[in-house]
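Quick notes on the structure that follows.
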Amino acid sequence: MASVAWEALDGTGPGLGPELAEVLAGGAAERVVTRALRARPALDAQGRAAVAEAIFGVGLWRRRLRAQLGDPLAPPALLLAALLRDLGRREAGVAEALAGVPAGALPPPRPPPAARADRFSLPGWLDAELEAAAGPEADALAAALCLPGPVALRANRLRIEPAALAARLGAEGVRTRPGALARACLVVEGPRPNVYGLRAWQEGLLEVQDEGSQVLGDAVGARAGEAVLDACAGAGGKTLLLAAAVGPAGRVHAVDPDAERLVRLRTRAIAAGAARIVAVHGAAAPAELRVDRALVDAPCSELGALRRGPDLRWRLDPAAFERLPALQARILERAAARVRPGGRLVYATCTFRRAEDEDVAEAFEAAHPEFARVAPDAPASTLTKDGFLRTWPHRDGTDAFFAAAWVRRG
Ligand SMILES: C[S@@+](CC[C@H](N)C(=O)[O-])C[C@H]1O[C@@H](n2cnc3c(N)ncnc32)[C@H](O)[C@@H]1O
């Protein structure tokens, strides 16, 4: 926050009240930022960045700013002034002028709040989830969820190996290092590039994909020539990784009830040179389909991906999580029926809620003795003592993911 060029808000900050109010009332910050920038076409790059940071920053840090101000009803412009002073480290007078509040409107600064929910600006229910999931590491997890995380890329191994891609990207001015956990991962070092403007992206050599998501795809352990079911394929993040793993002699069967996502998957598969490998089935796989491996990348509360949107935590309704375990169990059950004897089943989520992770996995195996738990195909550092997979933002620099794997006996 301190490194943002806040001075570029000069003249713009005082007009941001309606946009800040919209985000605070539950509007999606990404959309509000897009509209705010469209309404101010004369802004230069620094001005645009400062407006975006102001809206995202107030959206994310609202609870902390209210605590710092000692005022739960502080108006949006005062929250912006507090953001600039307390997190942006500007003088009070400068912060007030940039935010468009009267001089002296900010109360004297207070030390950072002691309570985790205030310090890391967490809704109370999320604070409790972090405590339950991470215990003594909850503070570190909370801190990591407040940062955007690195840009991770996946080399499309149908076309290029990671080392050769790193060289190509280097020639385009993008420095990367190999990911620590996933086979085809490169992590961008230095400033965030415009990935979609890169020649390498236009040639279908890479995808943007969190390293944890790549670890999940790798965990399926798909081999050349195999048939794999991607039972919750969505727009195909993992489908394309699996397509590269099975190669031209294999097949990935993509299923998802969201037709719009499947359209995007199809487009991406064409761009990646995987169109002949991926069979897109719609909401259900053909009744006779049997596969070597099945992945259930289940719909979930997505708490592990909260770094991706600064306002997400304030827009979630925890009451909506109640229905998830039953839905997850149903999808897992359906996918399990497609796995041939000796084949492998992987259940995955991007959340750290036990009710959607271990509890679903353990209930499944209790009902299905024909499935034996095995360690997911993943680096040892990501495996728990119970043989599940977990990645963590604060430990691994990835989103938080969970996976369980089984082999069908017989
Ligand atoms: C975590 S997302 C999948 C992300 C995707 N695998 C990827 O890597 O990009 C979960 C997906 O489950 C799908 N879904 C929701 N209900 C479902 C159901 N009953 N059966 C199968 N998939 C479902 C959603 O449409 C969503 O695309």
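The values are calculated or read from the model by the stated rules, or taken from the named source; none is laboratory data. Only a predicted model underlies this, so the values are computations on that prediction, with no experimental measurement involved. We place every Cβ from the backbone using ideal geometry, glycine too, and count neighbours over all the protein chains shown.
Descriptive notes on the structure:
- Residues in segment 246-261 that are within 11 Å of the ligand (Cβ to nearest atom) and surrounded by fewer than 23 Cβ atoms within 10 Å (Cβ to Cβ): Pro257, Asp258, Ala259, Glu260, Arg261.
- Some residue of segment 257-278 being within 21 Å of Ala404 (Cβ to Cβ) and in contact (Cβ under 8 Å) with a residue 24 or more places away in the chain: no
- Meets criteria (away from the ligand (no atom under 11 Å from the Cβ), of a type outside the set (Phe, Trp, Tyr) and part of a loop (DSSP other than H, G, I, E, B)) for Pro341: no
- Among the conditions (1) among the polar types (S, T, N, Q); (2) closer than 18 Å to Ala133 by Cα; (3) within 16 Å of the ligand (Cβ to nearest atom), Ser381 misses just one, which is (3).
- Scope segment 170-221; condition away from the ligand (no atom under 15 Å from the Cβ), buried (at least 20 other Cβ atoms within 10 Å of the Cβ) and of a type in the set (Gly, Ala, Ser); matching residues: Gly179, Ala200
- Glu356 vs. criteria touching a residue at least 40 places away in the same chain (Cβ under 8 Å) and under 24 Å from Gly135 (Cα atoms): yes
- Gly236 being crowded, with 20+ Cβ neighbours inside 10 Å, in the same structural domain as Arg390 (by TED's automatic domain parsing), at positive phi and within 15 Å of the ligand (Cβ to nearest atom): yes
- Within the set Val220, Val187, the sole residue that is among the β-branched types (Val, Ile, Thr) and not assigned by TED's automatic domain parsing to the domain that holds Ala259 turns out to be Val187.
- Flag if Val228 is within 16 Å of the ligand (Cβ to nearest atom), among the β-branched types (Val, Ile, Thr) and either within 28 Å of Arg395 (Cα to Cα) or modelled with pLDDT of 95 or more (or both): yes
- Qualifying residue in segment 174-188 (condition: closer than 23 Å to Phe321 by Cα and within 18 Å of the chain's Cα centre (by Cα)): no
- Selection count where residues are under 11 Å from Ala227 (Cβ atoms) and surrounded by fewer than 17 Cβ atoms within 10 Å (Cβ to Cβ), scope segment 280-291: 1
- Residue that is surrounded by 19 or more Cβ atoms within 10 Å (Cβ to Cβ) and modelled with pLDDT under 95, where the choices are Val23, Val51, Val4: Val4
- Enumeration of residues in segment 26-48 that are loosely packed, with under 14 Cβ neighbours inside 10 Å, of a type in the set (Gly, Ala, Ser) and touching a residue at least 24 places away in the same chain (Cβ under 8 Å): Gly26
- For segment 310-327, the count of residues that are within 16 Å of the ligand (Cβ to nearest atom), assigned to a helix (DSSP H, G or I), within 21 Å of the chain's Cα centre (by Cα) and among the aromatic types (Phe, Trp, Tyr) is at least one.
- Of the residues Ala294, Ala274, Ala243, Ala305, the single one that is part of a helix (DSSP H, G or I), more than 10 Å from the ligand (Cβ to nearest atom), at pLDDT 95 or above and crowded, with 18+ Cβ neighbours inside 10 Å is Ala243.
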